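The structure appears right after this line, and notes come after that.
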Amino acid sequence: MRLLLVEDHPALRVTLAEALQRAGYSVDPVGTAGAAEEFAGLTLYDLIILDLGLPDADGASILERLRRGGAVPIIVLTARDGVDDRVASLDAGADDYVVKPVDVQELTARCRAVLRRPGGRLGAVLRVGDLELDTVTREVRVGGGAVTVGRREIAALEKLLRRKGTVVPRRMLESAVYGIDDEIGDNALEAVVSRLRRALAAAGSSASIATVRGLGWMIVDDEQRR
């Protein structure tokens, strides 16, 4: 899942981005309202974390514009802890409100909670055949047994599972795995898919990833195809 993190404090932005990446998210960190609106216009995010105290605009006005632009969930992150501030942000469309200083474990838990809500994008468990991905714990299981898979491989697997039965185009899979600032080599995505295939094969899974030449990839259950 891909998150937009809007936080003007450089050190906190890096800390939060790294924590969210460790939690399994692909994160685009920005420090201004202008960059937030630009990025939100270029990418369909699963969640936006928005600081209200931005240097080039008030975060409350950005919140309203982002909310008008679509139904993406938004968590407000701010030092403003007054009741009036919380009420104003929630009325303007925020899905949650987190007061600084923030504990990174609490923030990642709030992300999961918002994404689990009705209409959110976080299902509990995704399955194909004997393959399961717990989208909360980020654990991959084959036949009930845990499989060790890297962060980017899990991101790719989640996108494939969410679109099971359909082809996932290259650009869509790339967007799920990498952030805008990530340097992507010519065959980087193919390497991610290859590592994921090897992990599933080594675990003896009935699920596999088929290449649809010229289009992208699709996850299938080999048992059902026989």
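The values are calculated or read from the model by the stated rules, or taken from the named source; none is laboratory data. Note that this is a predicted model, so its numbers are computed, not measured. We place every Cβ from the backbone using ideal geometry, glycine too, and count neighbours over all the protein chains shown. In case anyone asks, the SASA skips ligands and DNA or RNA and just uses the protein heavy atoms, side chains included. Shrake-Rupley method; radii C 1.70, N 1.55, O 1.52, S 1.80 Å.
Which residue out of Thr135, Thr78 is in contact with a helix residue (DSSP H, G or I) (Cβ under 9 Å, 6 or more places away or on another chain), over 28 Å from Tyr178 (Cβ atoms) and surrounded by 18 or more Cβ atoms within 10 Å (Cβ to Cβ)? Steps first, answer last, please.
On the way: Thr135 fails: over 28 Å from Tyr178 (Cβ atoms).
Exactly one residue qualifies, and that residue is Thr78.
Gly144 versus (1) open to solvent by less than 50 Å² (accessible area, probe 1.4 Å); (2) on the phi > 0 side of the Ramachandran plot: which is the lone unmet condition?
It is condition (1) that Gly144 fails.
Sort out which residues of the stretch 179-189 are within 18 Å of the chain's Cα centre (by Cα) and either at positive phi or part of a helix (DSSP H, G or I) (or both), and write them in order of number.
Leu189
Any idea which of Ala176, Ala199 is at pLDDT below 90 and either part of a loop (DSSP other than H, G, I, E, B) or open to solvent by less than 40 Å² (accessible area, probe 1.4 Å) (or both)? Talk me through it step by step, then tell me what you get.
Values: Ala199 fails: at pLDDT below 90.
On inspection, the qualifying residue turns out to be Ala176.
Return only the number of the condition from (1) within 21 Å of Glu183 (Cα to Cα); (2) in a helix (DSSP H, G or I) that Val27 does not satisfy.
It is condition (2) that Val27 fails.
Every residue in the stretch 177-210 that is under 29 Å from Gly144 (Cβ atoms), in contact with a Leu (Cβ under 9 Å, 6 or more places away or on another chain) and in contact (Cβ under 8 Å) with a residue 60 or more places away in the chain, please.
Val177, Leu200, Ala203, Ser205, Ser206, Ala207
Would you check if there is a residue in the stretch 54-68 being open to solvent by less than 40 Å² (accessible area, probe 1.4 Å) and within 27 Å of Leu133 (Cβ to Cβ)?
Within the stretch 54-68, not a single residue is open to solvent by less than 40 Å² (accessible area, probe 1.4 Å) and within 27 Å of Leu133 (Cβ to Cβ).
Give the residue, chosen from Arg117, Arg110, Arg163, that is out of contact with any Asp or Glu (no Cβ under 9 Å at 6 or more places or on another chain) and open to solvent by 60 Å² or more (accessible area, probe 1.4 Å). Even if it seems obvious, please write down each step before you answer.
Numbers: Arg117 fails: out of contact with any Asp or Glu (no Cβ under 9 Å at 6 or more places or on another chain); Arg110 fails: out of contact with any Asp or Glu (no Cβ under 9 Å at 6 or more places or on another chain).
Being out of contact with any Asp or Glu (no Cβ under 9 Å at 6 or more places or on another chain) and open to solvent by 60 Å² or more (accessible area, probe 1.4 Å) holds for just one of Arg117, Arg110, Arg163, which is Arg163.
Of all residues in the stretch 1-26, how many are at pLDDT 90 or above and surrounded by 22 or more Cβ atoms within 10 Å (Cβ to Cβ)? Steps first, answer last, please.
Kept after step one, since they are at pLDDT 90 or above, are these residues of the stretch 1-26: 3-20.
This time we only want the ones that are surrounded by 22 or more Cβ atoms within 10 Å (Cβ to Cβ), so: 3-7, 16, 20.
Total satisfying the criteria: 7.
Kindly indicate whether Val192 is buried (at least 18 other Cβ atoms within 10 Å of the Cβ), modelled with pLDDT of 90 or more and outside any helix (DSSP H, G or I).
On the way: buried (at least 18 other Cβ atoms within 10 Å of the Cβ): yes; modelled with pLDDT of 90 or more: yes; outside any helix (DSSP H, G or I): no.
In short, no.
Restricted to the stretch 203-226, and to residues that are within 16 Å of Ile154 (Cα to Cα) and not in a strand (DSSP E or B), which residue is least open to solvent (accessible area, probe 1.4 Å)?
Only one residue fits best here, namely Ser205.
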